[in-house]
Structures are given as C-alpha cells and as structure tokens.
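The values are calculated or read from the model by the stated rules, or taken from the named source; none is laboratory data. Please read these numbers as outputs of a predicted model, since none were measured by experiment. Note that each Cβ is placed from the backbone with ideal geometry, even for glycine, and that neighbours are counted across all protein chains shown.
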Amino acid sequence: MNVWHHLIGSLPFAWAQFAFMRTALLAVLIVSPLFALMGTLVVNNRMAFFSDAIGHASLTGIGLGVLLGMADPLVALVAFALFLGLGIVALQRVTHAAMDTVISLSMSGSIALGVVLLSRGGNFNKFSHYLVGDLLSITPGEIGQLALTSFFVGGGLLLGYNRILLIGLNESLARSRGLSLWWTQMLFCAAVVMVVTMNLSWVGILIINAMLIVPAAGARNLAANARQYLFYAIGIGLFSGVAGLIASYYANTATGASIVLVAMGCYLATLGIKATRAALAAERTSRAAARVK
Amino acid sequence: MELQQHPHKGLSSHVCGECCTRIEGIGVTRSGQRVLEDISLHLHCGELTTLVGPNGAGKSTLLRTLLGELPHSGAIHFLPVFGHGRKDAPAIGYVPQQLDFDRFSPISVQDAFSSALSAWPAAIWHSGRARMRTKEALTAVEAGHLINRKLGELSGGELQRVLLALALTPVPNLLLLDEPLSGIDLPGRELFYRTVAELRRRFDLSILMVSHDLVGVTAVSDRIVFLDRRIVCAGTAAEVIAHPEVRRTFGFDLVAPAPVLS
C-alpha cells in the first residue's frame, strides 16, 4: 500500500498528490477487469436488465439498513439485493412469466419502498450521495475488502465461465450436457449482486449498471470470439476507468458518471470501427468480383 | 470421433440391439393442458426413429421430457446405462430446433466446443485436447473449416452441422434431433441426412428425430412414429403413410397420390 502511494505520488500530476485519488485509482484498476469479465457474461446471457434492477433496488437495502439503525448499511444492502436477485430468478423459474415483467415488477416495487423508507421525515437529501456515488467512500481500509471480494468473485466467474456461456447459448443444450441450470444461475446472480453492491457507494445507483454493460457492449462490436471479447472489454473498462477518474478530478464532477461517459465514447468509437471494417470488407468483395469479370 | 467400445463383448457388430430407452406410459400436462398422453416407445440402439405429426402434437415436448426438463407421469428407463452419462441417465446428445441465441454474441465455434468439453475458461485458453477433439468432431460432419467462425455468422445448414458435431462429442447413448432441418436448403438437407446415415453405421446409439419432412426422412428412418398428443401409429414408412390420419394431416389425398417409396 505504501509502495503504491509512493509510486503514484511521485508522478508529476496534480491529482497524484492526493491520497484519496491514489486510493481511487487502485480501486479502479482492481474492479475494472472484474466489471469487464462480468459484463461480457451479463450481456451474453441477456441479463442487462437484471443487473440494472439489482442496482436500483439497492435503495431499499439502504433504507432498511437505516431503519434498523445501522451506521454502515452495506450489510443490509447486500442482504436485500441477494434476496431480491435470487428471488427474481426463483420466481421466473417457477412461474415461467416473462423475465422482463418479473424484473420490472420487483424493481418498481423495491424502488418505491426504498424511496418511502429514505424520505421519512423529509430527509432524502441525506442519502442522495448514493444516487450519484462518492469517491471518498473508498477508504484505504475498504481497498483490501474490495480486492478480496474481487479476487473471489473473479475466480468464481472464471471457474463457471464455460457453464454460463453454454447456458447463455441454449438452456436445453446446456442441460443435455448435464449442467445444473438452477445452481449455475443462482451463483451467477449472487456474483452479480456482490459486484454491484460492493461498488455501489462510489459509482452511484443511477449508473452502476453502465459500468457492467457499456465496456462489454463496445467489445462486442469488435470481437470475433470469447477471448477477444474479454480482452477488448477489459481494455475499454480500464481505459475509461482511469481516464474518467482523472477527468472527474479536473472537471470536479462525479467519478462514476464521468467513467461511464468515457466508456460511452469508447462504445461510439467501436461502432465507427465496426462500420469502417464492414465498408472495407464490402469494397474488397466488390473489387474481387470486378477482377473475376 | 473415437469409435465407442461396446460393453456387450463378443458381439460381431458394435450395435447390440439391446441397449434401449424404454418410455412407458408417459403423460405430460402443461398449464392444465394435457399435451402428451400415454406414450410408450422403445428406442433401440443402432436405430433411427422419426417422430412426425401436426404442429402442437407434442413432438418437441417429448424430447424435452427425455432431457429431464419437464415433470411427467409414467416412467423412462435407460437400459443399460453405460458411457459417460450421469449415474441415473445416459449421455444424451441434443440438437435444438432452431438455436435461439443472440447472433451478435462473439462466440466462435471453438468457444462453444471448449465451453462444453473443457474446464479452461474459453475466454482465456483453449486446451490442446479441446482443440483436437473439436477439429475431429467438425471434420466428421464436413465442417472442419468453420472452427474459427463466429456462431452467429454461420448459415442455417452450417450451424446445424456444428451443433450435430457438438452433440456427438463425446458420442452419446441417445441422440435427440429436434427438427434439425427446418429452414435448411436442399444441399444442406442431403448433407445432414448423409451424416446421420453414416452415424448409424458407425456408432452404437439410438437416434430420435423430430421432422416435418415425412417424405425426406423415409430413406433414413428405421421406424416412423406419428404423434398427435398420443401415438396414432408407428411402423415402417409405408405403414405410416398408408394410415388415414397421416394422409389427412399431410394432405396426401388432396393434392396428389401418395408418394411412391423406392
């Protein structure tokens, strides 16, 4: 930790002189690859709406934590998000209702409950930092916690990667190969909940889902296989994480939102690259056809 | 693909005719509707059974029941269980009807195989063994050149052959094909039928195929089962085609005389 602060602190930049920025940079470097890995799987398995719901429903978790008089509502937050996330999966499995309806219902219900709980006595403003995120919420002590969770969740995701990929491709196919859909899906959802809730306080409820989805969506425009997909997603995630953090320092803006904006820029760039590639390929084909004539 | 060593030693053929899937009095009810009733069927190894029937007859439901996805009455026995399946079930190969997946997903053919065959995360590393088995399996269905292509970029026929190769790696005891040829052009169909015929010759497995193409499947099927919630009739192609209800469903009497079988 000291080595890190010494190393970054010796950089000739204004932001590098502040301990909270150095801590935040470390956090970004730790979680960006994890967000990227999880994002690729979330997007493949069409769970973007699910992770969005988990982020938004966290409001209720915070509300419950406050109601129970907790100083740090993180425990209530994780517990409620787990309850809701696994509940959504179970409900969908049992009722076979359309997933988007189940998610939308649970999300609307829990946001309403969260707002009601937090606005009691007209004090909602006290909690608005959860909506936009607060960089100062990453304390040096929390870095260790973040690194440990990231290590275990990331390792678990890699262990389950093939199963999750196969289930995303076709559930019956996955089942015919002896995979347990129930357990894989439950554990994957639990992993999504962990990653979202652990990073909620500094990224902000409003845009936490974008941290997962945008790098993966950009990588899809460029990748031809799973390895490139992950590689590009990590690249976009790390670049936008670091660039967004530094930009937010100079522009004095919310960090999470700044990171997401840079990531959105990357996404638009990938769209451009994709279109250029397609145009070049079309030109090659037509030139080859002309030569044949 | 490696030839499967049959456990019943001393048989001249690798097909024993004994291993079988016995379906006894299966009934399935979904949201209050009886979709399958009293289905009894024995699938012997080395045999290809084709399921035909009108839309909504429960053909795909029967396959999904065999996959263990749906609750049912009656019993399914897999006898005897050998190979690489779980304790209580044989290894089942399954080729879905139309792979309902996101065509823009950056998943290559190799990725799909690696994710099914190996523990190494496909996004990090493909083991040499997984690569070799993928290559072999694809070559057997004349799809070796597709290994690095994106799944979403394959044509319908190419995708079905890739999925067939995946279902056959490792060689299962029971192969379920759910309308493998819907929306596939004629050359693609011929190639697929040729591959399936070759499979039956080489491997000891039972095949259950759902098809709309009653005329096309007669050449490859040992037995045809006409299903309409219950088994209406079962037998050779000639027997099934002669059945009045089959003639009505396929409209044989209306448009033309029944097709002559060679």
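Within the stretch A:63-74, how many residues turn out to be assigned to a helix (DSSP H, G or I) and closer than 17 Å to A:Thr139 by Cβ?
1
Out of all the residues in the stretch A:42-79, which are at positive phi and charged (D, E, K, R)? First the steps, then the outcome.
We begin by selecting, within the stretch A:42-79, every residue at positive phi; these are A:46, A:69.
Within the stretch A:42-79, A:Arg46 is the sole residue that qualifies.
What are the residues in the stretch A:211-233 that are over 14 Å from B:Ala122 (Cβ atoms), of a type in the set (Gly, Ala, Ser) and buried (at least 24 other Cβ atoms within 10 Å of the Cβ), if any? Before the answer, list the steps.
First, the residues of the stretch A:211-233 that are over 14 Å from B:Ala122 (Cβ atoms): A:211-222, A:232-233.
Subsequent filtering for residues that are of a type in the set (Gly, Ala, Ser) retains A:216-219, A:233.
Across the stretch A:211-233, the qualifying residues are A:Ala216, A:Gly218, A:Ala219, A:Ala233.
Matching residues to (1) within 14 Å of another protein chain (Cβ to nearest Cβ); (2) over 22 Å from B:Pro106 (Cα atoms):
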site	(1), (2)
A:Ser172	yes, no
A:Ser176	yes, yes
A:Ala190	no, yes
A:Gly204	no, yes
A:Pro215	yes, no
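Report, by residue number, each residue of the stretch A:241-286 that is hydroxyl-bearing (Ser, Thr, Tyr) and free of Cβ contacts under 8 Å to residues at least 60 places away in the same chain. Steps first, answer last, please.
So in the stretch A:241-286, the residues hydroxyl-bearing (Ser, Thr, Tyr) come out as A:248-250, A:253, A:255, A:258, A:267, A:270, A:276, A:285-286.
Across the stretch A:241-286, the qualifying residues are A:Thr253, A:Ser258, A:Tyr267, A:Thr270, A:Thr276, A:Thr285, A:Ser286.
For the stretch B:43-56, state whether one or more residues are within 9 Å of another protein chain (Cβ to nearest Cβ), surrounded by 21 or more Cβ atoms within 10 Å (Cβ to Cβ), farther than 22 Å from B:Asp204 by Cα and at pLDDT 85 or above.
no
Can you find even one residue in the stretch A:85-108 that is among the acidic types (Asp, Glu), without any contact (Cβ under 8 Å) to a residue 60 or more places away in the chain and assigned to a helix (DSSP H, G or I)?
The answer is yes, given that some residue of the stretch A:85-108 is among the acidic types (Asp, Glu), without any contact (Cβ under 8 Å) to a residue 60 or more places away in the chain and assigned to a helix (DSSP H, G or I).
Being surrounded by fewer than 24 Cβ atoms within 10 Å (Cβ to Cβ), within 12 Å of chain A (Cβ to nearest Cβ) and modelled with pLDDT under 90: is that true of B:Trp125 here?
So B:Trp125 fits the description; yes.
Which of the following residues is touching a residue at least 12 places away in the same chain (Cβ under 8 Å), more than 14 Å from chain B (Cβ to nearest Cβ), in a helix (DSSP H, G or I) and surrounded by fewer than 23 Cβ atoms within 10 Å (Cβ to Cβ): A:Leu82, A:Leu77, A:Leu59?
Values: A:Leu77 fails: surrounded by fewer than 23 Cβ atoms within 10 Å (Cβ to Cβ); A:Leu59 fails: surrounded by fewer than 23 Cβ atoms within 10 Å (Cβ to Cβ).
It is A:Leu82.
Matching residues to (1) over 25 Å from A:Ile259 (Cα atoms); (2) surrounded by 12 or more Cβ atoms within 10 Å (Cβ to Cβ); (3) β-branched (Val, Ile, Thr); (4) within 14 Å of chain B (Cβ to nearest Cβ):
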residue: A:Phe124; (1), (2), (3), (4): yes, yes, no, no
residue: A:Leu131; (1), (2), (3), (4): no, yes, no, no
residue: A:Ile138; (1), (2), (3), (4): no, yes, yes, no
residue: A:Gly141; (1), (2), (3), (4): no, no, no, no
residue: A:Gly144; (1), (2), (3), (4): no, no, no, no
residue: A:Thr149; (1), (2), (3), (4): no, yes, yes, no
residue: A:Gly160; (1), (2), (3), (4): yes, yes, no, yes
residue: A:Arg163; (1), (2), (3), (4): yes, yes, no, yes
residue: A:Gly168; (1), (2), (3), (4): yes, yes, no, yes
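Mind checking which pairs have a first residue in the stretch A:130-144 that is polar (S, T, N, Q) and a second that is surrounded by 14 or more Cβ atoms within 10 Å (Cβ to Cβ), Cβ under 6 Å, 6 or more apart or different chains?
Once the first residue is polar (S, T, N, Q) and sits in the stretch A:130-144, its partners that are surrounded by 14 or more Cβ atoms within 10 Å (Cβ to Cβ) give A:Ser137/A:Ser201; A:Ser137/A:Trp202.
For the stretch B:68-81, check the following and say yes or no: at least one residue is modelled with pLDDT under 85, buried (at least 21 other Cβ atoms within 10 Å of the Cβ), in a loop (DSSP other than H, G, I, E, B) and on the phi < 0 side of the Ramachandran plot.
Checking the stretch B:68-81: not a single residue is modelled with pLDDT under 85, buried (at least 21 other Cβ atoms within 10 Å of the Cβ), in a loop (DSSP other than H, G, I, E, B) and on the phi < 0 side of the Ramachandran plot.
Checking the structure you have, find out if any residue of the stretch B:97-104 is more than 7 Å from chain A (Cβ to nearest Cβ) and either touching a strand residue (DSSP E or B) at 6+ places or on another chain (Cβ under 7 Å) or at pLDDT 95 or above (or both).
Checked the stretch B:97-104: at least one residue is more than 7 Å from chain A (Cβ to nearest Cβ) and either touching a strand residue (DSSP E or B) at 6+ places or on another chain (Cβ under 7 Å) or at pLDDT 95 or above (or both).
Of everything in the stretch B:102-152 that's in a helix (DSSP H, G or I) and among the charged types (D, E, K, R), which residue is farthest from B:Arg200 (Cα to Cα)? Let's see the steps before the verdict.
Kept after step one, since they are in a helix (DSSP H, G or I), are these residues of the stretch B:102-152: B:109-117, B:128-140, B:144-146, B:151-152.
So of that shortlist, the ones also among the charged types (D, E, K, R) come out as B:111, B:129, B:131, B:133, B:135-136.
Working: B:Asp111: 28, B:Arg129: 26, B:Arg131: 25, B:Arg133: 20, B:Lys135: 21, B:Glu136: 18 Å.
Ranking the candidates gives B:Asp111 first.
If you take the residues in the stretch B:164-199 that are surrounded by 21 or more Cβ atoms within 10 Å (Cβ to Cβ) and charged (D, E, K, R), which one is modelled with the highest pLDDT?
By that ranking, first place goes to B:Asp178.
Using the structure shown, decide if A:Ala223 is within 14 Å of chain B (Cβ to nearest Cβ), without any contact (Cβ under 8 Å) to a residue 40 or more places away in the chain and within 16 Å of A:Ala36 (Cα to Cα).
Values: within 14 Å of chain B (Cβ to nearest Cβ): yes; without any contact (Cβ under 8 Å) to a residue 40 or more places away in the chain: yes; within 16 Å of A:Ala36 (Cα to Cα): yes.
So A:Ala223 fits the description; yes.
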